[in-house]
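Read through the structure below, which is laid out as structure tokens, and then see the notes.
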Amino acid sequence: MINEEKLIWMYQTMYRIRLFEESMLEQTFKGNSMGVTHPSDGQEAVPTGICAHLTDKDWIGSTHRGHGHCIAKGLETDKMMAEIMGKFTGNCKGKGGSMHIADFSKGMLGANAIVGASIPLAVGAALTAKYQGKEKESIGVAFFGDGASSQGVLHESMNLASIWKLPVIFACENNQYAEATPSWYAVSVEDIADRAASYNIPGVVVDGMDVFEVYEAAGEAVKRAREGKGPTLLELKTYRYHGHFHADQTEKYRKIEEEKAWRKRDCILSFEKKVTDQKLISKTKLLSIRKEIEEEIGKAVDFGLSSPLPPEETLYDDVYVNYPNDLRGLR
Amino acid sequence: MDKKNKLGPGFDVPGKEIRYRDAFNNTLREELEYDKNVFIVGEDISGGFDKETKEPLDAWGGPFAATKGLVQDFGVNRIMDAPISEAGFVGAAIGAALTGLRPVVDLMYFDFTTIAFDQLLSNAAKSRYMFGGQTKVPLTLFARSGGGTGHAAQHSSAFYSILAHIPGLKVVVPSDAYSVKGLLSAAIRDDDPVFVVNDKKVINMTSFVPDENYQIELGKGRYLKRGEDITLVGMSYSSVVCLEASEKLEKLGISAEVVDLLSVSPLDHEIIIESVKKTNRIVIVDEDNPIASIASEVAAIVSDKAFDYLDAPVKRVTAPHTPVPYSKGLEDVYVPDSNDVVSTVKSILGN
């Protein structure tokens, strides 16, 4: 049984992600975010159910669709919004943007815009934990999508993690589409979880629209990792409500009936129904949580909008820890 | 780093003549002893395992015996034999570097760099910058480059210029046992990702190496020979070629100064400019392919910063714009040698 505090955290996290993405899209269309953004609304149950088991000492790797992972790992929404708006107050001082939000103090190894490229980083974080004998307190989670499930580096990473018995979880968010290409076309198996068999590790299919199912499956995988039993591949079947990126028109490649069917299984609505039916959390409490989050996201947008752009001279900062040539003199 | 020791302790200290490969191996050992966060990962570096006992066999001592004897003393957790999956284990090494370790990666042949190239370009080189300076990647990679040994097109490349092109990476090109000791040690202790290029032709050459531990500052070149009439610039094996050419030139009454770059990113602009201002002529010798090469970069720097001091066109002696051929008859033509350098020097000196 999940305790009330954890349930409330789950609800806060899912709603925070949902509202963040909606506000972020609104700001993107207003021209306030400076580039391409990839919303993750619809998929909130996945990072929430997995990160519910993690602490700041655990590491996650993320993707171009990474806002949900960041929020579930505890990153502050004001700094995230500022980063997406290209502001100096953002997590990466405006150098990274939507696709590269990171916070190493929270165990967030950075969102990565090369599909599959962050997977071995999470394996490397798990390697560090094992090297230091700290598997119990530090594991790695690699978030990636159905698109990355066909990348060679995923398969190399699963093989390495298996032979080295590393404390890592491969969390495949199968949201059915890689850009406009459906996974039924691009993936050779019905269930991506089956690919775990090649690497002699457990592969588990999970309903990624149900945060309780995600929480339970992730719990098993986390336990296995912390006990030194090695990696697990979780395939979390889910759906992105919006297109691949903010301006993507989904009606060109998927049917409205399909979208409606997935929305009927919305993770936030089903959570609300379950906890109120079972009298775990009151409707009043849920409403007050919503209100708090709405205020928080409103403040995050204001913080982003009112923050300064990075000073021009910071262009040259942080390429290296130490480089004797003056980078200003090299152009 | 102690200023007077930027290029190592010098040659008037206790030491001995040893091969480049032994200096390399000794330095790996010293760095493993120096910092418990240092570990080595690569293919075949512990040379097989006994099926019954699961103990490593160290059959070859790793590729080119670089890691010979290390697994016996440091164990399989610090000498990690990896399957043939460069992208995977280079990525994992970067992840380990981002979370507190100091990995050293053996990529075997330099050509294999490209199999892990996305990890190097997108993660190793860019993480610090795109995350606003919140992290660092203290990673060292090494591999064997260069033609002349019959390894053919896919085991002989020397495209270090491609790596030097990338902001966030550093690239060093030792030319002898003395320099590889100081540069490898400095690379492993450096907080940025550094690629150590080992030309196969220098690996079995012998030179004086001080006994003491020392580092050579990354980005500092050195004079291998002082001269008056022309500057020869080399890197890795081409520095050996320059030295050989300078001896032939001396017999012709031409006094050549030899600059050994040691690092190609960062690149020591000062030593190049200083030497050209004195000799007024320069030939850059580079075994990489010519287009967008380090030789081109040095030529551009000289044209920009020492144009008024030049008495002759800047000349490059490089490999041709072809892959490395197999047959010795062709390979000998491919690799720039001291005769190529001498004839180029003669052409610009007008004799």
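The values are calculated or read from the model by the stated rules, or taken from the named source; none is laboratory data. Not measured: the values here are computed from a predicted model. Cβ atoms come from the backbone with ideal geometry, glycine included; neighbour counts cover every protein chain shown. Remember, those area values only see protein heavy atoms, side chains included, never the ligands or the DNA or RNA. Shrake-Rupley method; radii C 1.70, N 1.55, O 1.52, S 1.80 Å.
Quick notes on this one:
- Nearest 10 degrees, 0 to 90: helix B:237-251 Cα axis against chain B principal axis: 30
- Accessible area buried, both sides summed, chains B and A with 1.4 Å probe, Å²: 3600
- Distance between the modelled labels on A:Leu330 and B:Gln154, one decimal in nanometres: 3.2 nm (7 Å Cα→Cβ projection).
- Residue of A:Lys299, A:Lys30, A:Lys223 that the Gaussian network model of chain A assigns the largest fluctuation, springs spanning Cα pairs under 10 Å: A:Lys30
- Carbon + sulfur, % of accessible area of chain B - ligands and nucleic acids excluded, 1.4 Å: 53
- Fraction of accessible area attributable to carbon and sulfur, the stretch A:12-52 (%, probe 1.4 Å): 48
- Compactness of the stretch B:3-210 - radius of gyration and Dmax, Cα, Å: 16.5, 53
- Rolling a 1.4 angstrom probe over the protein heavy atoms with all chains in place gives the stretch B:11-100 an accessible area of 44 Å² per residue.
- Nearest-ten-degree value, helix B:86-98 long axis tilted from longest Cα axis of chain B: 80
- Under 5 Å from the amide H of A:Asp41 lie the amide H atoms of A:Tyr241, A:His242, each residue being 5 or more positions distant or on a separate chain, with H modelled from the backbone and absent for Pro and chain starts.
- Taking every DSSP beta bridge that has both ends in the protein assembly as shown, the antiparallel portion is near 20%.
- Cα centre as origin, Lys/Arg/Asp/Glu Cβ charges: chain A dipole, Debye: 380
- Coarse-grained scattering of the protein assembly as shown at q = 0.06, 0.09, 0.11 Å⁻¹, given as base-10 log I(q)/I(0) from a Debye sum over alpha-carbon atoms: -0.39, -0.81, -1.08
- Here is the size of the stretch A:251-305 from its Cα atoms: Rg then Dmax, 16.0, 42 Å.
- With the biggest extent put first, the Cα atoms of chain A measure 58, 49, 42 Å across the principal axes.
- Shielding value for A:124-135 is 6, the average number of Cβ atoms from other chains within 10 Å of each residue's Cβ.
- Antiparallel beta bridges, as assigned by DSSP with both residues in chain A, represent about 10 percent of the total such bridges.
- Report summary: the helix-based calculation at 222 nm, which adds -39500 (n - 2.57) for every DSSP H run with n ≥ 4 and divides by the residues of chain B, gives -9500 deg cm²/dmol.
- Label point distance in nm, B:His165-B:Phe49, each placed 7 Å from Cα along Cα→Cβ: 3.9
- Site-free segments of chain A were taken between GluC sites (Glu not before Pro) in DSSP loops having at most 15 other Cβ atoms within 10 Å, sites themselves excluded; the longest one is A:1-136.
- Near the amide H of B:Lys225, within less than 5 Å, lie the amide hydrogens of B:Val258, all on another chain or at least 5 residues away, with H placed in the peptide plane.
- With the Kirkwood sum run over all distinct C-alpha pairs, the stretch B:222-349 has a hydrodynamic radius of 14.4 Å.
- With the Kirkwood sum run over all distinct C-alpha pairs, chain B has a hydrodynamic radius of 20.7 Å.
- Flagged links, alpha-carbon separation over 22 Å, of B:Lys68/B:Lys170; A:Lys106/A:Lys264; A:Lys134/A:Lys223: B:Lys68/B:Lys170; A:Lys106/A:Lys264
- Average accessible area per residue (Å²) across the stretch A:4-330 - probe 1.4 Å, nucleic acids and ligands excluded: 41
- Average accessible area per residue (Å²) across the stretch B:222-349 - probe 1.4 Å, nucleic acids and ligands excluded: 42
- The contact residues of the stretch B:124-163, meaning those that lose at least 30 Å² of 1.4 Å-probe accessible area when all protein chains sit together rather than their chain alone, are B:Arg128, B:Tyr129, B:Met130, B:Phe131, B:Gly132, B:Gln134.
- Near A:Ala178, the amide H atoms lying under 5 Å from its own belong to A:Ser183; only residues 5 or more places off or on other chains count, and H is placed 1.01 Å from N.
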